[in-house]
There are 2 protein chains.
Amino acid sequence: MDQIELVRDFNRYYTQRLGVLNDHYLGQGRPLSEARLLFEIGGAGAGLRDLRTRMGLDSGYLSRLLRSLSDQGLVSVDPHPGDGRSRIATLTRAGRRELDDLNSRSRDSIAALLEPLTEAQRSKLVGAQEQIRRLLRLAAVTLSPVADDDPSVRGCLTSYGKELALRFPEGYDPATLIAPGTLGTGTVLLAREEGVPVGCGLWQLLSPGVSSGVASGVSSGVASGAASGVAEIRHLWVAADARGYGLGRRLLSALEQDALSHGIGVVRLGTHPSLGEAIALYRAAGYREIPSYDSSPYNQLAFEKALVL
Amino acid sequence: MDQIELVRDFNRYYTQRLGVLNDHYLGQGRPLSEARLLFEIGGAGAGLRDLRTRMGLDSGYLSRLLRSLSDQGLVSVDPHPGDGRSRIATLTRAGRRELDDLNSRSRDSIAALLEPLTEAQRSKLVGAQEQIRRLLRLAAVTLSPVADDDPSVRGCLTSYGKELALRFPEGYDPATLIAPGTLGTGTVLLAREEGVPVGCGLWQLLSPGVSSGVASGVSSGVASGAASGVAEIRHLWVAADARGYGLGRRLLSALEQDALSHGIGVVRLGTHPSLGEAIALYRAAGYREIPSYDSSPYNQLAFEKALVL
DNA sequence: CCTTTTCTCTGACTAGAGTCAGAGATTGTG
DNA sequence: CACAATCTCTGACTCTAGTCAGAGAAAAGG
């Protein structure tokens, strides 16, 4: 059985198991959609518009669901204090009790599932689930080239700057960030998970190669013989809550691939001694330390890697 | 977040991911129930009664689903040659093509999911899924005490005997198996997965202890002070397709617990040098080798363990 | 102030997934 | 052979989970 077949098989098995579990704890007379809605409203309440986008519901449908829940005395829907058009749903006391019930039934059915396992087996299970989730999250991230003034990228770079300001003992001047429109020859990659930006990185030409195709764009690089341009990789950043999934590695190698296809033979990058994980990443990815080549005061360390097909 | 919450969280994430996947490959105009039915009928065809029990469908509903599929030319439903009441569904040529399409769409969507991962990450994913499946299968097994003439147990013991006959160089005489009705003081445990027998084991009193409660049944043991009877564990067996999940370990410790609660302080067991996994299991479970105590020619090795609460 | 946009609600409708109560044909059994 | 049991099918319903097209109120923009 190949990998794909193994994954399909696991999916079949797992959904079946989960189906049994869910039927058990949700099958208490309440329709699934109402239960989900109770979950989403949660203890703090939520605006209808917010609920609609989060759950992907039709506005008419949500309205009816809420009506049903409020007829049952579980939810109250009140006008937004600041905006008379929008409304806010909150759980009533009974609704909160119902939600607690749902949660505890869910917990109970999971506990019953885990009961026959030893402590060691349970933590193995949890560990394996965690690993799967990391890998699936990583797989769900898409990388796409964007302009250097793309608002999402500027947002990432702002976060990047703020983080460096906190981590560098000497602080960080945001003016060091690439200014919009100044990329020149190069590519900015933006990483998105379900549309939400979770990382970025860019490469930028330092000195053109001898082959003629370098500056003429996407289609030229691969065909133009030995790649010989030199580029710099900059602003490689992964959002804090998306770290540990191998996304930095993926961004880095995507940048390398892209640079290579544009006739770049060597990439360099500068970094700071206080960025330990980044340095470890570069070393693991085959970068070798070189004398610092950059005038930026933050780039106290420099690395280089020769790109090969 | 505790283990239960982590498992719930994973379940939520995974079902959501799978939902997206399934929508993608099944959402080709065909209702889910029809697609499932095509899967279940499969290349070989299936009897309606069989389909109903396997899929848990109402007979009227199944009838209508099949009608719809046969109207679409995907399935033909023909009378059973031997029994005029029952009927058999088989895929037509077009139905087989449709099923192949479904399968390849499913494969494609899994392949697209895996595409961003490196080979190492993919095999990690598959490995973690395999581990989860093992643990869930183990957790799904229920152990229950049964009589020594229970048909399921006799079936297990027959398989056990056949296996030993193959593995022992000297063969194995099935007459060595415990005869129905001869257990005496002791317990037979049967392991079932979804109702299907997957293993068994028993303990049997060798010599009673000094405390008075030993022979008087379930309620006596725990309260009767220090456990001091001696029992033998026999016929511990796990079906071939349920091995590697830790089920042997679970059966063994359930037998120990049960024996302890009946006033047994020491358990012994005999085994054969060619049963390497079993010997490793006993050692790992805290058994120490002792001189062979048994007249059975197969029990060339013997182990013992003192039971403690 | 008028128009456009935003937000929610109502009414009308649909498809999917079942359930339930027989009817009809066939087979097994005393 | 009569009667019970088995198997499938039909008709009549139900519930869930939506979709779609407006209507009406409030807010934002020029």
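State whether the residues of region A:243-253 include one that is away from every other protein chain (no Cβ under 14 Å) and at positive phi. Checking region A:243-253: not a single residue is away from every other protein chain (no Cβ under 14 Å) and at positive phi. Among all positions in region B:63-79, there is no residue which is charged (D, E, K, R), more than 31 Å from the chain's Cα centre (by Cα) and surrounded by 14 or more Cβ atoms within 10 Å (Cβ to Cβ). Selection of helices (runs of 4 or more DSSP H) fully inside region A:82-198 by the criterion of at least 2 residues being among the aliphatic types (A, V, I, L, M) and at the interface with chain B (Cβ under 8 Å from one of its Cβ atoms) returns A:93-114, A:119-140.
Counting only residues that are β-branched (Val, Ile, Thr) and closer than 16 Å to A:Thr15 by Cα, region B:13-43 holds 2 of them. When every residue of region A:120-138 is checked against the conditions, at least one turns out to be over 17 Å from B:Tyr14 (Cβ atoms) and over 28 Å from the mean Cα position of the chain (by Cα). Filtered by the rule that a residue be more than 9 Å from DNA strand C (Cβ to nearest atom) and assigned to a helix (DSSP H, G or I), region B:38-66 gives B:Leu38, B:Phe39, B:Glu40, B:Ile41, B:Leu48, B:Arg49, B:Asp50, B:Leu51, B:Arg52, B:Thr53, B:Arg54, B:Leu66.
Taking region B:9-44 as the range and being within 13 Å of DNA strand D (Cβ to nearest atom), away from chain A (no Cβ under 14 Å) and open to solvent by 50 Å² or more (accessible area, probe 1.4 Å) as the test, the residues that pass are B:Gly27, B:Pro31.
Answer yes if at least one residue in region B:111-122 is within 16 Å of DNA strand D (Cβ to nearest atom), without any contact (Cβ under 8 Å) to a residue 24 or more places away in the chain and in contact with a strand residue (DSSP E or B) (Cβ under 8 Å, 6 or more places away or on another chain), and no otherwise. Checking region B:111-122: not a single residue is within 16 Å of DNA strand D (Cβ to nearest atom), without any contact (Cβ under 8 Å) to a residue 24 or more places away in the chain and in contact with a strand residue (DSSP E or B) (Cβ under 8 Å, 6 or more places away or on another chain). Within region A:52-80, residues that are within 9 Å of DNA strand D (Cβ to nearest atom) sit with their Cβ atoms under 9 Å from residues that are among the polar types (S, T, N, Q), at 6+ positions apart or across chains, in these pairs: A:Met55/A:Ser33; A:Leu57/A:Ser33; A:Tyr61/A:Ser33; A:Leu65/A:Ser33; A:Pro79/A:Ser86; A:His80/A:Ser86. Scan region A:1-46 for residues that are modelled with pLDDT of 90 or more and hydrophobic (A, V, I, L, M, F, W, C) and jot them down. Within region A:1-46, A:Ile4, A:Leu6, A:Val7, A:Phe10, A:Leu32, A:Ala35, A:Leu37, A:Leu38, A:Phe39, A:Ile41, A:Ala44, A:Ala46 qualify.
Can you spot a residue in region A:48-61 that is more than 30 Å from the chain's Cα centre (by Cα) and hydrophobic (A, V, I, L, M, F, W, C)? Within region A:48-61 (the criterion being more than 30 Å from the chain's Cα centre (by Cα) and hydrophobic (A, V, I, L, M, F, W, C)), the answer is no, since none of the residues qualifies.
The values are calculated or read from the model by the stated rules, or taken from the named source; none is laboratory data. Just so it is clear, the model here is predicted, and its values are computed rather than measured. Note that each Cβ is placed from the backbone with ideal geometry, even for glycine, and that neighbours are counted across all protein chains shown. Please note that ligands, DNA and RNA were not included when accessible areas were found on the heavy atoms of the full protein model with its side chains. Shrake-Rupley method; radii C 1.70, N 1.55, O 1.52, S 1.80 Å.
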